[in-house]
1. Within the range 60-76, how many residues are over 11 Å from the mean Cα position of the chain (by Cα) and within 19 Å of Ala35 (Cβ to Cβ)?
2. Gly29: surrounded by 17 or more Cβ atoms within 10 Å (Cβ to Cβ) and modelled with pLDDT under 95, yes or no?
3. Name the single residue, out of those in the range 53-75 being aliphatic (A, V, I, L, M) and touching a strand residue (DSSP E or B) at 6+ places or on another chain (Cβ under 6 Å), that is surrounded by the fewest Cβ atoms within 10 Å (Cβ to Cβ).
4. With respect to Glu108, is the statement that it is farther than 19 Å from Lys26 by Cβ and either hydrophobic (A, V, I, L, M, F, W, C) or at pLDDT 95 or above (or both) true?
5. Report whether or not Pro39 is surrounded by fewer than 16 Cβ atoms within 10 Å (Cβ to Cβ), in contact with a Gly (Cβ under 7 Å, 6 or more places away or on another chain) and not basic (Lys, Arg).
6. Would you say Asp40 is charged (D, E, K, R), touching a helix residue (DSSP H, G or I) at 6+ places or on another chain (Cβ under 9 Å), assigned to a loop (DSSP other than H, G, I, E, B) and at pLDDT below 95?
7. Modelled with pLDDT of 95 or more, assigned to a loop (DSSP other than H, G, I, E, B) and among the aliphatic types (A, V, I, L, M) - does that describe any residue in the range 113-133?
8. Name the single residue, out of those in the range 1-21 being out of contact with any Ser or Thr (no Cβ under 7 Å at 6 or more places or on another chain), in contact (Cβ under 8 Å) with a residue 24 or more places away in the chain and closer than 25 Å to Ala132 by Cβ, that is surrounded by the most Cβ atoms within 10 Å (Cβ to Cβ).
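The values are calculated or read from the model by the stated rules, or taken from the named source; none is laboratory data. These numbers come from a predicted model, not from an experiment. We place every Cβ from the backbone using ideal geometry, glycine too, and count neighbours over all the protein chains shown.
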Amino acid sequence: MPTLAGVVEHTGTTARSAYRYQFTPKHHGADQNAAQWLPDLSLEQEFSIFDEADQHELCDEDGNLYGVLRTANGDLEYIGVWDEQVAEFPVARTGTAWHGYPVYPLAEIGPVNRRGQSGGPAKVVFDKMLHAGVIGRQQRGRLLKGKHA
């Protein structure tokens, strides 16, 4: 995935809600202080995380969506340059495209003020992920503790 010079909107929409999605330079190399997607992660993989989050309604009480990228055997992939495994997609204003970024967990690397459990989604999000079969019980437990799954 190249560094983006401008906002790029995905050509498709999510299967369940028909949400539009945009890839932003801020999270693709333009702002080194912001959360960054891994350079190896394709834009299609990024969109697939968002699409699955919408498909399973993996949201907090504010409507923000959260997603993960799994391997074929169910392990969670690292998706961010600071070894994040969970992405956040803040709820978009009506009529605008969503965007997202890797957010959690941060352990040894990444900004100190974002490390630990404080930067993670609410417990209800991990409960929804478990119920939907997106993560396993052990993965849920580790993520709730702010550890990599």
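1. Initial filter on the range 60-76 (over 11 Å from the mean Cα position of the chain (by Cα)): 60-63, 70-76.
Then drop every residue that is not within 19 Å of Ala35 (Cβ to Cβ), which leaves 60, 62, 76.
Here the count works out to 3.
2. Details: surrounded by 17 or more Cβ atoms within 10 Å (Cβ to Cβ): yes; modelled with pLDDT under 95: yes.
Considered against the rule, which asks whether it is surrounded by 17 or more Cβ atoms within 10 Å (Cβ to Cβ) and modelled with pLDDT under 95, Gly29 comes out as yes.
3. Narrowing the range 53-75 to residues aliphatic (A, V, I, L, M): 53, 58, 65, 68-69, 72.
Cutting the leftovers down to touching a strand residue (DSSP E or B) at 6+ places or on another chain (Cβ under 6 Å) gives us 53, 58, 65, 68.
Numbers: Ala53: 30, Leu58: 27, Leu65: 29, Val68: 22.
If we take residues in the range 53-75 being aliphatic (A, V, I, L, M) and touching a strand residue (DSSP E or B) at 6+ places or on another chain (Cβ under 6 Å), then Val68 is surrounded by the fewest Cβ atoms within 10 Å (Cβ to Cβ).
4. Numbers: farther than 19 Å from Lys26 by Cβ: yes; either hydrophobic (A, V, I, L, M, F, W, C) or at pLDDT 95 or above (or both): no.
Criteria not met by Glu108.
5. Values: surrounded by fewer than 16 Cβ atoms within 10 Å (Cβ to Cβ): yes; in contact with a Gly (Cβ under 7 Å, 6 or more places away or on another chain): no; not basic (Lys, Arg): yes.
Answer is no for this residue.
6. No: the conditions fail for Asp40.
7. Looking through the range 113-133, none of the residues is modelled with pLDDT of 95 or more, assigned to a loop (DSSP other than H, G, I, E, B) and among the aliphatic types (A, V, I, L, M).
8. Once the filter is applied, the top-ranked residue is Tyr21.
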